[in-house]
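Novice: Please see the structure below; I have some questions.
The values are calculated or read from the model by the stated rules, or taken from the named source; none is laboratory data. Bear in mind the structure is a predicted one, so any value in this text is a computation, not a measurement. Cβ atoms come from the backbone with ideal geometry, glycine included; neighbour counts cover every protein chain shown. Heads up: the accessible areas ignore ligands, DNA and RNA and are worked out on the full protein's heavy atoms, side chains in. Shrake-Rupley method; radii C 1.70, N 1.55, O 1.52, S 1.80 Å.
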Amino acid sequence: MKDMLRDEYDDFIKSYDRQPRRSLRVNTLKADSRQFWRQDLFGLARVDWCPDGFYYSDSRRPGLHPYHRAGVYYMQEASAMAPAVCAEIKPGEKVLDLCAAPGGKSSQAAAALQGKGILVSNEIVPSRARILSSNLERMGVKNAIVTNESPADLEKFFPAFFDKIIVDAPCSGEGMFRKDPSAVSQWSQQRPDACGLRQGLILDSADKMLCAGGRIIYSTCTFAPQENEMAIAAFMDRHPEYRLVSPAAASFFSPGRPELAGGRPELKKTMRLFPHRLKGEGHFVAVLEKTDGQTGKIKYQKTVSDKKLPASWFDFEKNTLQNFTAGNFVMFGNMLYSLPDNTPDLTGIKVLRRGLQLGEMKKGRFEPSHSLAMALKTDNAPRENMSLGDERVESYLCGQTVGTDNSSRGYRLMAVDGYTMGWGKCDGRIIKNHYPKGLRIMK
């Protein structure tokens, strides 16, 4: 770091004496970031490079707030917001988050897609893939497929398919030393070299899944040249059809260092995030555009015609749902899903989430899923809207029954300030709790 920063090294070291800034990102699938800013619940300050990102006061605890349960925001370190911003994702695109857990960048990509197109979020570690799936559910994402595969296995199923691929590569974690003390104990002098080799293999898999004209957004949370400029230079040597591009957000960050990887001038278009230059932790981001390539042959997932769907689904749709249309139906066992448009055939892939889980058939009746509730807005179904000061909010999140002045029977979206939290079912007197047991809080 002394060689890299020279006169700035002392400022860099002093930055580790300061507490890391804590931040969150508003989920624009559910909330308007300007309205959230005006509420100012947590002593907010804006993150320069992310319009929906905010620092919050260390004295506040937004992770315990009902809005967090409702998926209004995602707790995300400010520098970690940079890769998805640099991806410049547009609604309707086909996006892969290749190393996706716990879901910050995937949920950010989903917000950019605004329910249009398809997001495949992959995680190789099963336990982390389950956390990823749960977080996408909480954020109300409709068009995500969550897979649990290695990049080398996943590449066989999506030849030249994606427009954007986010590769937040496993790394030596040097940029997290201030935020996460365990990153220090896990580091070794050999680790950057080992990570660099692994990152090269992941990038090669990403190349096989990217269409011509598409972009790979590569990021790490380390300063090591072996995992940053050197990894990008080596990839471009293997794949000369790629060029580096500078996204609009690049102006907020420091340019990459060509001298650390053979002097290739183009490496200045990569981006370094230093903790002494901005309010965030250490990161590296590079945007690689594929200028040439073959078109992949994709087999698409077969869907179920409306005639073969259970009548109980149509009864629920008619009697409960409003201004909401689902399509591309598939059945897996008793579970009914709505797939994103143009979903490839998922046969042979380990899948944890297949688009939007609508619900389950139980003894001839349809029971809506928590995923569906989280994806709906309060004008999509009958609702019980509670304010922040209403004690029923905590009662609902604890799994208790809730009183109501509305005696209408049937399923009802439970909401806080208009943000959906889950289902309840009114029997004419009280609302029975359908908040998932595994998510309930303890008083």
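Novice: Here is a check on your reading of the model: is LYS268 more than 22 Å from the chain's Cα centre (by Cα) and surrounded by 17 or more Cβ atoms within 10 Å (Cβ to Cβ)?
Specialist: Taking the combined requirement at face value, the residue does not satisfy it.
Novice: Just a yes or no: is a residue in region 142-151 in a loop (DSSP other than H, G, I, E, B), open to solvent by less than 10 Å² (accessible area, probe 1.4 Å), under 20 Å from GLU88 (Cα atoms) and in contact with a Gly (Cβ under 8 Å, 6 or more places away or on another chain)?
Specialist: Yes, region 142-151 has at least one match.
Novice: Could you list, ordered by first residue, the pairs with Cβ atoms under 8 Å in which the first is in region 333-346 and of a type in the set (Val, Ile, Thr) and the second is open to solvent by 10 Å² or more (accessible area, probe 1.4 Å) and in a loop (DSSP other than H, G, I, E, B), at least 6 apart or interchain?
Specialist: THR343/GLN301; THR343/ASN328
Novice: Here is a follow-up. What's the number of the only condition in (1) open to solvent by less than 50 Å² (accessible area, probe 1.4 Å); (2) within 17 Å of THR291 (Cβ to Cβ); (3) over 23 Å from the mean Cα position of the chain (by Cα) that ARG238 fails to meet?
Specialist: Among (1) open to solvent by less than 50 Å² (accessible area, probe 1.4 Å); (2) within 17 Å of THR291 (Cβ to Cβ); (3) over 23 Å from the mean Cα position of the chain (by Cα), ARG238 violates only (1).
Novice: Considering only region 272-279, I want to know if a residue exists there that is aliphatic (A, V, I, L, M), assigned to a strand (DSSP E or B), buried (at least 16 other Cβ atoms within 10 Å of the Cβ) and in contact with a Phe, Trp or Tyr (Cβ under 8 Å, 6 or more places away or on another chain).
Specialist: So far as region 272-279 goes, yes, one or more of its residues are aliphatic (A, V, I, L, M), assigned to a strand (DSSP E or B), buried (at least 16 other Cβ atoms within 10 Å of the Cβ) and in contact with a Phe, Trp or Tyr (Cβ under 8 Å, 6 or more places away or on another chain).
Novice: Another one. Return only the number of the condition from (1) at pLDDT 95 or above; (2) open to solvent by 20 Å² or more (accessible area, probe 1.4 Å); (3) aliphatic (A, V, I, L, M) that ILE441 does not satisfy.
Specialist: Just one mismatch for ILE441, condition (1).
Novice: Same structure, new question: Go through (1) closer than 21 Å to ASP345 by Cα; (2) of a type in the set (S, T, N, Q); (3) assigned to a helix (DSSP H, G or I) and name the single condition SER121 misses.
Specialist: Here SER121 meets the rest and fails (3).
Novice: Give the residue, chosen from ARG243, ARG178, ARG215, that is of a type in the set (Lys, Arg), touching a residue at least 40 places away in the same chain (Cβ under 8 Å), open to solvent by 10 Å² or more (accessible area, probe 1.4 Å) and part of a loop (DSSP other than H, G, I, E, B).
Specialist: Criteria check complete, one pass: ARG178.
Novice: Going residue by residue through region 298-308, is there one that turns out to be open to solvent by less than 30 Å² (accessible area, probe 1.4 Å), among the charged types (D, E, K, R) and assigned to a helix (DSSP H, G or I)?
Specialist: For region 298-308, residues open to solvent by less than 30 Å² (accessible area, probe 1.4 Å), among the charged types (D, E, K, R) and assigned to a helix (DSSP H, G or I): absent.
Novice: Open to solvent by 10 Å² or more (accessible area, probe 1.4 Å) and assigned to a strand (DSSP E or B): is that true of ASP163 in this structure?
Specialist: The answer is yes for ASP163.
Novice: A follow-up question, please. Of the residues VAL72, VAL85, VAL26, only one is in contact (Cβ under 8 Å) with a residue 12 or more places away in the chain and open to solvent by 30 Å² or more (accessible area, probe 1.4 Å); which?
Specialist: Residue meeting the stated conditions: VAL85.
Novice: Another one. Given the criterion open to solvent by less than 40 Å² (accessible area, probe 1.4 Å), among the hydroxyl-bearing types (Ser, Thr, Tyr), at pLDDT 95 or above and closer than 25 Å to ASN228 by Cα, identify the matching residue among SER15, SER33.
Specialist: SER15
Novice: Where the second residue is loosely packed, with under 15 Cβ neighbours inside 10 Å and outside any strand (DSSP E or B) and the first is among the basic types (Lys, Arg) and lies in region 416-441, which pairs have Cβ atoms under 8 Å and are six or more apart or on separate chains?
Specialist: Note: pairs meeting the criteria are ARG429/SER407; ARG440/CYS398.
Novice: Which is closer than 22 Å to SER312 by Cβ, surrounded by fewer than 21 Cβ atoms within 10 Å (Cβ to Cβ) and of a type in the set (Gly, Ala, Ser), of SER408, SER371?
Specialist: The match here is SER408.
Novice: Which condition does ALA231 not pass, out of (1) modelled with pLDDT of 95 or more; (2) over 22 Å from the mean Cα position of the chain (by Cα); (3) open to solvent by 40 Å² or more (accessible area, probe 1.4 Å), if it passes all the others?
Specialist: Failed condition: (3).
Novice: Which residue, of GLY117, GLY104, is at pLDDT 95 or above, surrounded by 21 or more Cβ atoms within 10 Å (Cβ to Cβ) and farther than 18 Å from ASP52 by Cβ?
Specialist: Exactly one residue qualifies, and that residue is GLY117.
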